[in-house]
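Reading through the structure tokens given below for one structure.
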Amino acid sequence: MTRRLLLLLSLTCAVGVGTLYFPQAITPLIATGLGVTDDSAAVVVTATQIGYTAGIFLLVPLGDRLPNRPLLVTLLALTGLGLLAAGCAPNLPALVAASAAVGVTTVAAQIVSPMAAGLVAADRRGAVMGTLLSGSIGGMLLARTFGGTLGEWLGWRAPYLAAGALTLALAAVLARALRALPAPAPSPVRPSYRELLAAPLHLLRTEPELRRSCLYQATVFAGFSAVWTCLPLLLTGPAYRLDARAVGLIALVGAATMLCTPYAGRLVDRHGPDRVNLVCLLGALASAAVLAIGGLGSATGLTALVAGTLLLDVAMQSGMVANKTRVYDLHPDARGRLNTAYMTIGYLGGSTGSWLGLQTYTHTTWPGLCTLLAALTAFPLAVHLLTARRPLASSSSRR
């Protein structure tokens with residue numbers, strides 16, 4: 001794992017994640033260009049997200065059966081072709097279908113992560129996971145700006161066509177770079193596709209450390225999603241009376257997380273994931289108190305919102321580095337299936353958190369939402385304090 005290859009893999013993560021987010025910025029342009037309502041155009045974003053969830057479940061486990069390198073390049077090439085098809089779509093149904101297909105194949109970051117974990121020694125794994133996550137965060141943050149700016153300038157098709165060309169070029173470069181690496185040793189066991197699909201559930205039943213990592217990620221991500229779902233309602237409401245641009249500016253503060261996750265990865269390598277998890281859970285809990293001040297309005301409240309969202313973002317993303325490092329150490333030959341279980345539970349937590357957050361904010365406003373965040377982070381913190389001192393034996397160690 002050279003610096004150049006790590007940079008290329010981080011760029012791959014950025015492009016893969018960015019593909020999910022740039023359509024959100026051009027939904028009004030799609031509606032105008034195709035002559036449909038904004039609500040109808042928003043189905044494009046939904047189709048992409050549904051496709052991505054299906055891709056995690058259906059394709060990521062294949063990384064444990066098929067060679068990672070051709071699989072990654074093939075998925076990138078299919079994503080590029082799907083983006084070009086979306087950019088040429090003559091009507092909304094064709095665009096929705098192409099977007100769903102793009103969502104299924106744009107799981108590059110979830111293929112890169114287990115592959116990279118197998119290319120480095122255990123004492124460097126955390127740092128590499130942090131760098132890859134930094135790339136994903138960069139792609140998420142910059143994608144909306146890229147899509148919105150290019151779309152306003154050249155129309156809604158331009159972001160799709162540009163992203164498609166970029167993805168195909170990246171696939172070609174990555175194919176050449178990965179070809180120079182020595183071939184990995186073939187796995188002695190080649191599970192069937194049906195076994196691959198059933199494996200994440202089996203691993204959740206048999207691996208306590210996987211369940212613990214999933215619990216940490218699902219609960220903190222639920223709190224994170226609840227806050228970001230309701231933050232626009234607070235900022236545009238009577239406490240601040242700001243417009244949607246303010247939400248975007250606060251979101252850009254999260255760019256600082258790109259600098260924090262590589263450092264968090266090095267701390268994981270040095271001190272282990274449990275200590276980093278402890279700090280992250282404490283940070284997420286503290287963010288609830290800081291964010292509570294944000295409900296007061298005024299410049300002081302706005303400063304608290306910026307500081308609180310940044311603290312929560314850093315805690316959530318750095319905790320993910322620790323969780324993934326712990327998970328990938330369980331079964332080197334099943335990292336794809338472990339990642340599928342971990343990411344599926346994490347996304348379920350985030351989706352549930354968005355719904356809970358909206359319900360809580362509707363009935364109890366911002367103080368109730370901050371209480372929800374505190375409860376969602378206090379629970380895994382209590383579990384961590386009870387279990388981290390007496391690590392549970394995994395099924396691999398029992399064998």
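Averaging Cα coordinates gives a centre for the range 44-76 and one for the range 338-359; these two points are 18 Å apart.
The modelled label-to-label distance for the pair ALA256/ALA94, using points 7 Å beyond Cα in the direction of Cβ, is 4.7 nm.
Fully extending the segment from THR364 to ALA169 would add 65.2 nm, taking 0.36 nm per residue of separation and subtracting the current Cα-Cα distance.
Listing VAL128, VAL43 from fewest to most neighbouring C-beta atoms within 10 Å gives VAL43, VAL128. Residues GLU195, GLU209, ranked from the fewest to the most other C-beta atoms within 10 Å, line up as GLU195, GLU209. Phi angles of the range 10-22 translate, via the Karplus equation with coefficients 6.51, -1.76, 1.60 and θ = phi - 60°, into HN-Hα couplings of 5, 5, 4, 4, 4, 5, x, 6, x, 4, 6, 9, 5 Hz per residue; Gly and Pro are given as x.
Remark: the LEU5-ARG270 segment gains 93.1 nm on full extension, using 0.36 nm per residue and subtracting the alpha carbon distance. Put in order of Cβ neighbour count within 10 Å, fewest first, the listed residues THR219, THR53 become THR53, THR219.
Here the contact order of the chain, divided by its residue count and restricted to Cα pairs under 8 Å and six or more residues apart, works out to 23 percent. Springs join every pair of Cα atoms under 10 Å in this Gaussian network model of the chain, and among VAL73, VAL220, VAL268 the largest mean-square fluctuation is at VAL73.
Only the coordinates and a few stated rules stand behind these numbers; no lab work does. As the structure is a prediction and not an experimental result, all values here were calculated from the model. All Cβ positions, glycine included, derive from the backbone under ideal geometry; neighbour counts span all protein chains shown.
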